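Heads up: the structure comes next, in structure tokens.
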Amino acid sequence: MTTNDYDRVRAGIEAMTAYVSGEPAMDEYVARRRAEDGNLDHVADGATALCAALLLQIAEMTGKTQHEVLQALAHGLNRNEAEQHE
């Protein structure tokens, strides 16, 4: 598994690129990572690093703390879910 932040975020971008490319691309990516690494720890670590980098950037752009950004995200998701069930 990579140890520096650049490589970790780059791995997260790779994973999310496969994700947004559709299920077949994601399935292929996951299978390749599992075959190369023996597990998906690298994928999880990269996705976490990417999320952390994005969270920091959003907090800086909005002037909110990272905690406030996470709270707003959770609140918005709860509201959207409640509206879908109405």
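The values are calculated or read from the model by the stated rules, or taken from the named source; none is laboratory data. For clarity, every value in this text was computed on a predicted model and none was experimentally measured. Here the Cβ positions follow ideal geometry from the backbone for every residue, glycine too, while neighbour counts run over all protein chains shown. Ligands, DNA and RNA are stripped out before the accessible areas are found, and what is left, the full protein with its side chains, is counted by its heavy atoms. Shrake-Rupley method; radii C 1.70, N 1.55, O 1.52, S 1.80 Å.
Observations on the model:
- For the range 63-86, a residue qualifies if it is modelled with pLDDT of 85 or more, outside any helix (DSSP H, G or I) and not basic (Lys, Arg), and the qualifying residues are Gly63, Thr65.
- Residue check, Glu60 closer than 21 Å to Tyr6 by Cβ, assigned to a helix (DSSP H, G or I) and more than 14 Å from the chain's Cα centre (by Cα): yes
- Members of the range 1-15 that are open to solvent by 80 Å² or more (accessible area, probe 1.4 Å), in a helix (DSSP H, G or I) and either touching a residue at least 24 places away in the same chain (Cβ under 8 Å) or over 14 Å from Ala53 (Cα atoms) (or both): Asp5, Arg10, Ile13
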